[in-house]
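Worksheet for the structure shown next.
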Protein chains: 2
Amino acid sequence: MRAERTDRTTSTPFAARVSVEQVEEGLALAPKFDADGLIPCITTDASTSEVLMLGYMNGEALQQTIVTGEAHYWSRSRQCLWRKGATSGLIQEVVELRIDDDQDAVWLRVKVAGSGASCHVGYRSCFYRSVELGGPSGGPAQLVFTESRKSFDPKDIYGDAPNPTQL
Amino acid sequence: MRAERTDRTTSTPFAARVSVEQVEEGLALAPKFDADGLIPCITTDASTSEVLMLGYMNGEALQQTIVTGEAHYWSRSRQCLWRKGATSGLIQEVVELRIDDDQDAVWLRVKVAGSGASCHVGYRSCFYRSVELGGPSGGPAQLVFTESRKSFDPKDIYGDAPNPTQL
């Protein structure tokens, strides 16, 4: 399902993509959304610089993030606009929002409320496992946990809500 | 394009995705590739923690990155395996490779050779523009440059090669 923008603003929030020079060197936000209407968003902790998560935004989520200063994403598992922290209270206050060279990726630097965690599994960062380099010698590469304990118990926060992880 | 490395390996480099618990809490790399066979990869500077780029990897690129310790991506514009720095010399040496909770995103912490730049436009980071928050009030959000000058002149490095930015 395509993530349609549902806002009813009268002005166009994004510029048209006219030329490579304008996209790369210009001063107007002209994001490129993929075939599903989404743009990937890297979210880092503004104080520690740790990468917290990789999310996706549709036009409305990007626009709401810019206007409100709070991170909004498009939930691919629930297929709806997702104000981060609406359920958990772990709101992400945007300190800085950047766009990349060809304007097909967003980088959010945020300050997370509460425990400071951003991962639905309960860890601070979604990237709580590193991959052993040097490569597998007979099987899949092995993972090593980089966080020794969870910041919260997901059952306390999400109850019986469906897990967004999909196989 | 390089020959497929998987032709020469007898073992499967990635684990099968069997359960949510295994994917989220397990110790085997079981990445999820999208409909195009790709997984997004956030690349940060290991010393400054700055986000340098968002790239994409196919299975071979991920495997080559793990085995060689140098960042490999899949070039969506050229549709080929891309050893970062093969043309520019700006090789990315991997300091750490992480995978996220549902194993559908990669985070690389790298040390960049030469000038330390990673952006084809010539900047250090591909994210060289920030978006003004609070807006827009009647038009597209405005961008502000966060790097005052380029690290290199793209014409010196890439000559007349096609620009990867696509409208």
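The values are calculated or read from the model by the stated rules, or taken from the named source; none is laboratory data. No experiment lies behind these values; they were computed from the predicted model shown. Virtual Cβ from ideal backbone geometry, glycine too; neighbours counted across all protein chains shown. Protein only, heavy atoms only, side chains kept; ligands, DNA and RNA dropped before computing areas. Shrake-Rupley method; radii C 1.70, N 1.55, O 1.52, S 1.80 Å.
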Checklist outcome for this item: Of the listed links A:K84/A:K155; A:K111/A:K150; A:K111/B:K150; A:K84/B:K84, those spanning more than 24 angstrom between alpha carbons are A:K111/B:K150; A:K84/B:K84
Checklist entry - Of the residues A:Q22, A:Q92, A:Q63, which exhibits the maximal mean-square fluctuation in a Gaussian network model of chain A defined by a 10 Å Cα contact cut-off? => result A:Q22
Item to check | Value at 222 nm in deg cm²/dmol, rounded to 500, when DSSP H runs of n ≥ 4 in chain B each add -39,500 (n - 2.57) | outcome: -3000 deg cm²/dmol
Item to check | Computed lengthening from A:T48 to A:Q142, 0.36 nm per intervening residue step minus Cα-Cα distance | outcome: 31.2 nm
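Given a 1.4 angstrom probe, I'd like the percentage of the accessible area of region B:103-158 that is carbon and sulfur, rounded to a whole number. All intermediate terms of the calculation are to be shown ahead of the outcome.
On the way: 1140 of 2450 Å².
Carbon and sulfur together cover 46 percent of it.
What's the average, rounded to a whole number, of partner chain beta-carbon atoms within 10 Å of each residue's beta-carbon in B:140-153?
Details: counts 12, 14, 4, 10, 2, 2, 2, 0, 0, 0, 0, 0, 0, 0.
That average works out to 3.
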Checklist entry - Given labels modelled 7 Å from the Cα in the Cβ direction, how far is it in nm from B:Y158 to B:A113? => result 1.9 nm
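What quantity of accessible surface, computed with a 1.4 Å probe and excluding non-protein components, is buried in total between chains A and B, in Å² to the nearest 100? Show your work: numbers first, answer last.
On the way: alone 10470 and 10520 Å², together 15000 Å².
Separately minus together, A and B give about 6000 Å² buried.
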Item to check | Principal-axis tilt of helix B:59-68 within chain B, Cα atoms, nearest 10 degrees | outcome: 90 degrees
Item to check | Threshold 40 Å², region A:45-77 residues less accessible with all protein chains present than alone (1.4 Å probe) | outcome: A:S49, A:V51, A:L54, A:I66
Checklist entry - By how many nm would the segment from A:L27 to A:I91 grow when fully extended, if each residue of separation counts as 0.36 nm and the alpha-carbon distance is taken off? => result 20.1 nm
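Order B:F145, A:F127 by their accessible area, 1.4 angstrom probe, all chains in place, largest first.
Accessible-area ranking of B:F145, A:F127, largest first: B:F145, A:F127.
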Checklist entry - Per-residue HN-Hα couplings for region A:95-108, Karplus 6.51 cos²θ - 1.76 cosθ + 1.60 at θ = phi - 60°, whole Hz, x for Gly and Pro? => result 8, 8, 10, 10, 10, 8, 3, 9, 6, 10, 8, 10, 10, 9
Checklist outcome for this item: FRET efficiency (B:V18, B:L133; Cβ distance; R0 45 Å; to 0.05) is 0.60
Checklist outcome for this item: Residue-normalised value, i.e. accessible area per residue, for the protein assembly as shown at 1.4 Å probe, in Å², stands at 45 Å²
Item to check | P(r) of region B:108-164 over all Cα-Cα pairs, binned every 5 Å from zero, in whole percent | outcome: 4, 16, 20, 18, 17, 12, 8, 5, 1
Checklist entry - Are there cysteines in chain B with no second cysteine's Cβ under 4.7 Å away, and if so, which? => result B:C41, B:C80
Checklist outcome for this item: From most to least accessible, 1.4 Å probe, no ligand or DNA/RNA atoms counted, B:S130, B:S49, A:S47 line up as A:S47, B:S49, B:S130
Item to check | Total charge dipole magnitude, region A:1-160, about the Cα centre, Cβ charges on Lys, Arg, Asp, Glu only, Debye to nearest 20 | outcome: 560 debye
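Just the projected area, averaged over all directions, of the convex hull on the alpha carbon atoms of the protein assembly as shown: how many nm²? Intermediate values should be presented prior to the final figure.
Numbers: hull surface 66.9 nm².
The number I arrive at for the protein assembly as shown is 16.7 nm².
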